[in-house]
Amino acid sequence: MSKQETDLPERLRAAGASVLERRLLEAAGAERPARELSERMARAIGISMVTGGSAGTESVKTDIGVPAVKATSASTWLVPWVSGALLAVGLVVGILVANHPGARPSAATTVRTAVSSAPAASSALAQPVPAPARTAEVPPAGSDEPLPRVAVPASARSRRETPAGELADQIALVDAARSALASGGAQRALAIVRDYQSQYPSGTFRPEVSAVKIEALIKMGRTAEARTLAQRFVVAYGPGPLAARVARLAQIPAP
Amino acid sequence: MSETELTRERPAIVPEADRLRLTRMFVDHHVMVWRSLRRRGLSPDEAADATQETFMIALGRLADVPGDSERAFLIGTARRVAFTLGRKTFRWQLDDDMDQRISSARDAGDEHADVQLCDIALSKLSPELAETFVLYEIEGLSSPEIAALLEVPLGSVASRLRRAREQFREVVTRIERGLLSSKRPP
């Protein structure tokens, strides 16, 4: 390949454009979503966005109510106090759970969110909660009972290399979900998948459990949800044999 | 909306570092992602839906995204999301009456009209050329970034860009003539 073939010319807007060409390109390049649209998108992905103030400044806060401000550059100055606030929440929850190991939280979402927010460098990690025996987390056959939540900080798992024992735990859950599905327990398979996704948000087998979830939803007749998830799946993980299988099951175009 | 597996897909458990990273990625890149979807012919609302879908997918795959490839990952994901919406939804129909569109764009108001006219021009390019043109000329990606994103050799990026410029100039010239001829006498 010659140099001439790969060298790209200067961008049109910088040189060589007609007046109208430049005008159209500049207008298209300057287009921005309306503030309401930006806020809607942010809410949908779990952060809230407060626009306003001086030009070029956007304030955002996470859905756990901690404000973060970006003014043209990265908001690294925020990290310490954001982490501190989250650490406090994480520690309180950690202590509560540690003191009541048998207690099930009445508001699981609150606890799960708080636990998830525990920072990687927290002192909670210095005294890790021992992982429970995996067999205790897999519900008995025929049970649709949601799985108990375990207060292991997610960041502790996702920020280090996966040890062999944890990998075995992940595999056990994937196998359990697949077995449940194969034996007609779609609801149970779904519960196991939810547990996996909660326990291992960055787990090695995310594609596999997502595929099980989609198949379970199809078997339960929840085809609209399954199809949307399948479309998301093929974008995220396709093309490949698993994406092709998911697409076929959900009757969407193969990636 | 009651909780479904779709709402559950927004993970309740997100490590703090990931949450901060996603927030930063959103602030840094959501406008560009939305805009790149708009250039495919999606309406502002459709582009917003596809943008949030893109970030939902990014959230699930943060661990796989190198820090220096976030922009390329987001644009690539947005592109695939757009494909799943179907080609007809992100390109104007080619048999549309361009002159009529030019006329309505002229009446819409300055900046908005120019964006519409740009989209009209892009709609007349073949899709693969338009894609390269938008990424280079509007979004400012480098040629290696575009080559990696589209999975084509660097030489193809250069040749696509050359052809895209020719086609774009041809259409813009036609638009210019249309704008001049449709000007009402004072």
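Select from the range B:151-183 the residues that are in contact with a helix residue (DSSP H, G or I) (Cβ under 7 Å, 6 or more places away or on another chain), β-branched (V, I, T) and at pLDDT 90 or above and write down the one among them that is nearest to A:A17 (Cα to Cα).
B:V172
Residue check: is A:I214 open to solvent by 60 Å² or more (accessible area, probe 1.4 Å) and part of a helix (DSSP H, G or I)?
No.
Tell me, yes or no, whether the range A:228-243 has at least one residue that is touching an Asp or Glu at 6+ places or on another chain (Cβ under 8 Å) and either farther than 25 Å from B:L62 by Cβ or surrounded by fewer than 19 Cβ atoms within 10 Å (Cβ to Cβ) (or both).
Yes, some residue in the range A:228-243 is touching an Asp or Glu at 6+ places or on another chain (Cβ under 8 Å) and either farther than 25 Å from B:L62 by Cβ or surrounded by fewer than 19 Cβ atoms within 10 Å (Cβ to Cβ) (or both).
Restricting to the range B:101-139, name every residue that is at pLDDT 85 or above and open to solvent by 20 Å² or more (accessible area, probe 1.4 Å).
Hits for the range B:101-139 are B:Q116, B:K124, B:S126, B:P127, B:E128, B:E131.
Here's the yes/no breakdown for (1) among the hydrophobic types (A, V, I, L, M, F, W, C); (2) over 27 Å from B:V31 (Cβ atoms):
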site	(1), (2)
B:V134	yes, no
B:E137	no, no
B:S156	no, yes
B:S159	no, yes
B:Q167	no, no
B:V171	yes, no
B:E176	no, yes
B:L179	yes, yes
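Quick one: which of B:S181, B:S156, B:S142 is open to solvent by 60 Å² or more (accessible area, probe 1.4 Å) and either within 8 Å of another protein chain (Cβ to nearest Cβ) or free of Cβ contacts under 8 Å to residues at least 12 places away in the same chain (or both)? First the steps, then the outcome.
On the way: B:S156 fails: open to solvent by 60 Å² or more (accessible area, probe 1.4 Å); B:S142 fails: open to solvent by 60 Å² or more (accessible area, probe 1.4 Å).
Testing whether each residue is open to solvent by 60 Å² or more (accessible area, probe 1.4 Å) and either within 8 Å of another protein chain (Cβ to nearest Cβ) or free of Cβ contacts under 8 Å to residues at least 12 places away in the same chain (or both) leaves just B:S181.
Considering only the range A:3-48, state which residues are more than 8 Å from chain B (Cβ to nearest Cβ), open to solvent by less than 70 Å² (accessible area, probe 1.4 Å) and modelled with pLDDT under 80.
The one that is more than 8 Å from chain B (Cβ to nearest Cβ), open to solvent by less than 70 Å² (accessible area, probe 1.4 Å) and modelled with pLDDT under 80: A:S48.
When the range B:51-100 is examined, which residues are found to be modelled with pLDDT of 90 or more, closer than 12 Å to B:L37 by Cα and more than 11 Å from every other protein chain (Cβ to nearest Cβ)?
Of everything in the range B:51-100, those that are modelled with pLDDT of 90 or more, closer than 12 Å to B:L37 by Cα and more than 11 Å from every other protein chain (Cβ to nearest Cβ) turn out to be B:L74, B:I75.
The values are calculated or read from the model by the stated rules, or taken from the named source; none is laboratory data. Given the structure is predicted, the values throughout are model-derived calculations rather than measurements. Positions of Cβ are backbone-derived with ideal geometry, glycine not excepted, and every protein chain shown enters the neighbour counts. Just the protein is used for accessible areas: all its heavy atoms, side chains included, with ligands, DNA and RNA removed. Shrake-Rupley method; radii C 1.70, N 1.55, O 1.52, S 1.80 Å.
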